[in-house]
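The values are calculated or read from the model by the stated rules, or taken from the named source; none is laboratory data. All values reported here derive from a predicted model rather than from experimental measurement. All Cβ positions, glycine included, derive from the backbone under ideal geometry; neighbour counts span all protein chains shown.
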Amino acid sequence: MGRIKTYFSTMDRTSRDDFITYGGLLVVFIVMQGLLSAGMLSNQMRGLLVPLCVYAIMAIALNLVVGTLGELSIGHAGFMCVGAFSSAFFSKINPDMPDLPRFIIAIIIGGVVAGIFGFLIGIPVLRLNGDYLAIVTLAFGEIIKNIINALYVGVDEKGYHFSLSSVNDMGMDPLNGNIIINGPQGVTGTPRSATFAISMVVLFISLIVILNLTHSRDGRAIMAVRDNYIAAESVGINITRYKLTAFTISAVISGFAGALYAHNLATLVATPARFGYNMSIMFLVFVVLGGIGSTRGAIVASVVLTLIPELLRPIQSYRMLIYAIVLIVIMLVNWSPKSRAFMETHSLKRFLFKKGGKEDK
Amino acid sequence: MKNAKRLLALAAAGLMAVGMLAGCGGSSSSGASAEGASSDELVWVIGCSGPLTGDAAAYGNDVVHGAELAAKEINEAGGINGYQIKYIYGDDEHDTEKAINAYNTMKDDGMQIFLGCTTTAPTVAVAAETLNDNMFQLTPSGSALDCIANDNCFAVCFNDPQQGAKSAEYISTHFPDAVIATIYDSSTAYSAGIEATFEAEAANLGLKVVSTEAFTGDTKTDLSAQIQKAKDAGADLVFLPIYYDTAATILTQANNMGYAPAFFGCDGMDGILGVENFDTSLAEGLMLLTPFAADATDDLTVNFVKNFQEAYGKIPNQFGADAYDGMYAIKAALEDAKITPEASVSDICEALKTSMFNITIEGLTGTVTWKADAENLGEPDKTPKAVRIENGAYVSIED
Amino acid sequence: MVSFFTNLINGLSLGSIYAIIAIGYTMVYGIAKMLNFAHGDIIMVGAFIAYTVISTFKLPVWLGIVAAVIVCTCLGVAIEKIAYKPLRKASSPLAVLITAIGVSYFLQNSALLIFGSDPKMFSSVVPFGNLTIGPLQIPGTTIVSIVVSLVLVGALQLFINKTKPGQAMLACAQDRDAASLMGISVNGTITLTFAIGSAMAAIAGVLLCSAYPTLSPTTGAMPGIKAFVAAVFGGIGSIPGAMIGGLLLGIIEILSRSYISSQLSDAIVFSVLILVLLVRPTGIMGKVIQEKV
């Protein structure tokens, strides 16, 4: 025990930080999985486990772009949407495959397709800065949603049929055809393969990828681009390359999240509220509330903000109003310089140990 | 920063704990009511869901209120098989994931029968859950065929293909020479579903459709381009398989553009006369297929509309009527099955699955029975009435 | 040909509404340096106030507009004071963006509780109907919106360039710290910006609903986003740019709906936006600021 403690205290700060993140997540996983197996979770909680993982994955994916790379993206729901639809498409056309391998391949496909989109979108977009980049990502997210909403894909013995306007336009055999993506009705009957355990595994993998990237040489280069791109460029860092790397990896991970999302529900639709800019903004809220750049913070914030409206269900119609107020208040408390200063001087630690208010940095 | 993060983590842990406790509390309280079975505490827990916030809130609120009104009436009249209804409802925000959350929460509150959802995609998503739980599901207004694909799912409203086909049929018998334009909402399953069958059926019947234009939930503010296209194509009948709120916009904009074709709508059009401050003279001559008319003069409708208005301050539309009928259908089926709330969720479902085919409802949306043949399992058997709006009221134009 | 011009006019109608919203958006952005996501919802509040006064209480139209302007101005100032000001010096500019989103949710859901979820039909406040030129008809609301947006652009340009508070705004937009060293009250100036921006939102709300009459708690959301796009299109921060961006956006939207695809019109509009930004990264009228080491 003592040795562990010594080891822990000799770890450098980032390793210790990561250790807490992984360890905390592992403990949460074990506890929740235990409760789940013992049947001690409420139905509501049980239903929320996979979505919570999905949102946590989205939060850390976006955090890579917003926090580590320092670029504002409000189109990440678009990547999630692409991942969701491509993976659902794969699962639908392979109904006879065994569940687990199919799901694993579907997740990979979701990630790869979203990654390709991220790469292609990233090339032009990352030339822009600041709010202009934000608006272009928003535009891409809306374009993806709009096209998927108008996309019809069906299959019959003559092969695949596509249309961007209506079912009848596909020219499918009306009797033997099988419609896979049905415009606004989306994909129905996706196998519900997503379990809490698999979602947690995907979350862990995403976390390992992101944390390793941030601590690597590449990651430092990415942060150098964020902090001062002119200086970074002057020391020979290829800005476009690093921006694109971070953006693409983030898109891939969003695609994973999309695949999990698609396989958690029996029907997948891209309504204006789902996969539109509203959802992208929600992910941004997770990142900002989590402290911008803090992976652990992003995960925690995604969990908190997903749970609040669910736990407010008993107050029915006032639910979303209270949620809005809570969001504003949390933002003010967490971010305003005044309340920051107040918390520094009145911190629990200082109260307990009577030390100076300085953090152990 | 650190403190802030810690606070957040603390909040997360707290919320999780509250969530679990609430869950346990919920299940224990429902456990308590089950234990108190011997006393008169035993109730039917019937849950309903729909979008109560967000863009589609108008539909969900009507459904939730319609069902609530029926539950209240039934309770006042002595309940079902001698047991009162405990009516609960949840907000699904017209979203599949939130619909499942709402459903699960109601399950924690001891829900035994599910009357929902309001909109199509959430209904399909929840149908997978009810199948798993073997819970009886009756959707008041989920209209795609996928909604009732499982044998534990029934619907009160017509399905989309039925409406599309019926509209095409009606137009071909009454206006065989009409030059038709369609404007539909390509971002809702309801509208796209009707449009798809209408288009196919119209081609079969040899109707002359000259323009088919779509809009989406994001572009429904302005429909001038779509109306202009219909006008340019020389359409004299515009088919609007959309909900009344956007239809009101179309009627207003068409009027501003000096375009006055005949308009034809489906059941979603009902409610247009109730839109606050809508110039109903614009709807003059509008035809629609609807099972419900808020200005009908039979006692049932008159009372329903009066009570609804008293309780919720608005005139109900077909959403509320479908939900109201749905609640009475559950009552009739439970009475037919002669079971009590002591039965398990699964037993209630099994009993209702057979009883639904035995009942006939004299409801707001007409005389309804449910089809038992494999092809149409769970569909309501009722006929939509074709009505025309004259002097601000529905007039039947059925032969 | 006639139908093309009719479509152009329809585009102009939509564009003039976008323009009027975008002007308020861009002004707040230029001076307070924040994307006020709640702007669209202030528009909705303005429309509801005018609706209540005009249609529910049956009071004269001008009173409805005045009431909407007063309520929105107070609301804008209150929102700024409560939700944005404490975060002005926060370590990340994103903090205030998120609060703005919170405010947007708050306004939408308050309106839902107060006015109900059912859509209401707004009666046009424009007293005259269509203007007929040959076979073409120009809706009265379009004429009014274009005139109003021109007047607003002119008045704002005059105000900013010729008056003391306007100059103070310009100074704050360029360098807040330097402005405060020159004795300009930065807080006061930003409050004034929000007051003017919100008053314009009220007018935009009344005109939006006069042209497109369906009024519900989410009415402002999509036009708000579109107007934001228009503002970026024209070069965010530039007031004439916002007007041009708005008009262009409306025309592109209607023409793509008429001649390409009504289903994919949003995709087309956003694609055009992306193309414009790739060619001119700061929008049509935006200033290119070279970043120095």
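Of all the listed residues (C:T56, C:T99, C:T52), the sole one being under 23 Å from A:E71 (Cβ atoms), at pLDDT 90 or above and more than 18 Å from the chain's Cα centre (by Cα) is C:T99. Among the criteria (1) more than 23 Å from B:T139 (Cβ to Cβ); (2) within 14 Å of another protein chain (Cβ to nearest Cβ); (3) of a type in the set (F, W, Y), the one B:F264 does not fulfil is (2).
A residue that is on the phi < 0 side of the Ramachandran plot, assigned to a helix (DSSP H, G or I) and surrounded by fewer than 24 Cβ atoms within 10 Å (Cβ to Cβ) cannot be found anywhere in segment B:213-227.
Can you tell me which residues in segment A:191-218 are among the polar types (S, T, N, Q) and touching a His at 6+ places or on another chain (Cβ under 6 Å)? Spell out the reasoning first.
Quick first cut of segment A:191-218, residues among the polar types (S, T, N, Q) only: A:193, A:195, A:199, A:206, A:212, A:214, A:216.
Scanning segment A:191-218 gives a single hit, A:S193.
From the list C:V126, C:V148, C:V144, the one residue that fits, being away from every other protein chain (no Cβ under 14 Å) and within 22 Å of C:S55 (Cβ to Cβ), is C:V148.
Conditions (1) in contact with a Cys (Cβ under 7 Å, 6 or more places away or on another chain); (2) closer than 18 Å to B:Y87 by Cβ; (3) not β-branched (V, I, T), marked per residue:
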{"site": "B:K107", "(1), (2), (3)": "no, yes, yes"}
{"site": "B:L115", "(1), (2), (3)": "yes, yes, yes"}
{"site": "B:T119", "(1), (2), (3)": "no, no, no"}
{"site": "B:V126", "(1), (2), (3)": "yes, yes, no"}
{"site": "B:S141", "(1), (2), (3)": "yes, yes, yes"}
{"site": "B:A144", "(1), (2), (3)": "no, no, yes"}
{"site": "B:F154", "(1), (2), (3)": "no, no, yes"}
{"site": "B:D160", "(1), (2), (3)": "no, no, yes"}
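Count of segment C:72-117 residues, restricted to those that are more than 13 Å from every other protein chain (Cβ to nearest Cβ), surrounded by fewer than 21 Cβ atoms within 10 Å (Cβ to Cβ) and β-branched (V, I, T), is 1.
Residue-wise test of (1) in contact (Cβ under 8 Å) with a residue 60 or more places away in the chain; (2) away from chain A (no Cβ under 11 Å); (3) surrounded by fewer than 24 Cβ atoms within 10 Å (Cβ to Cβ).
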site: C:A201; (1), (2), (3): yes, yes, no
site: C:C209; (1), (2), (3): yes, yes, no
site: C:Y212; (1), (2), (3): yes, yes, yes
site: C:S216; (1), (2), (3): yes, yes, yes
site: C:G220; (1), (2), (3): yes, yes, no
site: C:A227; (1), (2), (3): yes, yes, no
site: C:A231; (1), (2), (3): yes, no, no
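Tell me yes or no: at least one residue of segment A:89-99 is more than 10 Å from chain C (Cβ to nearest Cβ), of a type outside the set (D, E, K, R) and within 30 Å of C:A231 (Cα to Cα).
Kept after step one, since they are more than 10 Å from chain C (Cβ to nearest Cβ), are these residues of segment A:89-99: A:89-99.
Still in the running and of a type outside the set (D, E, K, R): A:89-91, A:93-95, A:97-98.
Restricting the remaining residues to those that are within 30 Å of C:A231 (Cα to Cα) gives none.
Taking every residue of segment A:89-99 in turn, none turns out to be more than 10 Å from chain C (Cβ to nearest Cβ), of a type outside the set (D, E, K, R) and within 30 Å of C:A231 (Cα to Cα).
Taking the criterion of being within 25 Å of the chain's Cα centre (by Cα) and surrounded by 20 or more Cβ atoms within 10 Å (Cβ to Cβ), the residues of segment A:324-349 that qualify are A:A324, A:L327, A:I328, A:I330, A:M331, A:L332, A:N334, A:W335. Selection within segment A:293-310: residues that are surrounded by fewer than 21 Cβ atoms within 10 Å (Cβ to Cβ) and over 16 Å from A:M58 (Cα atoms). The member of this set that is farthest from the other protein chains (Cβ to nearest Cβ) is A:P309. Here B:T173 meets the list (1) closer than 25 Å to B:D62 by Cα; (2) more than 9 Å from chain A (Cβ to nearest Cβ); (3) in a helix (DSSP H, G or I) almost entirely, failing just condition (1). Among the residues of segment B:257-276, those that are in contact with a Leu (Cβ under 8 Å, 6 or more places away or on another chain) and under 16 Å from B:K166 (Cα atoms) comprise B:F263, B:F264, B:G265, B:C266, B:D267, B:M269. Of the helices (runs of 4 or more DSSP H) lying entirely inside segment B:280-356, those carrying at least 2 residues that are polar (S, T, N, Q) are B:299-312, B:345-355.
Quick one: is B:I88 within 21 Å of B:P316 (Cα to Cα) and not charged (D, E, K, R)?
It is true that B:I88 is within 21 Å of B:P316 (Cα to Cα) and not charged (D, E, K, R).
The helices (runs of 4 or more DSSP H) located wholly in segment A:280-361 that include 3 or more residues which are touching a helix residue (DSSP H, G or I) at 6+ places or on another chain (Cβ under 9 Å) and modelled with pLDDT under 90 occupy A:319-335, A:337-345, A:348-353. Assessment of segment C:240-250 against the conditions (at the interface with another protein chain (Cβ under 10 Å from one of its Cβ atoms), assigned to a helix (DSSP H, G or I) and closer than 23 Å to C:F106 by Cβ) yields no matching residue.
Listed by position, the helices (runs of 4 or more DSSP H) inside segment C:29-120 whose residues that are over 26 Å from B:T53 (Cα atoms) number at least 2 are C:61-79. Considering only residues that are more than 7 Å from every other protein chain (Cβ to nearest Cβ) and in a helix (DSSP H, G or I), look in segment B:228-245 and name the one that is surrounded by the fewest Cβ atoms within 10 Å (Cβ to Cβ). Result: B:K231.
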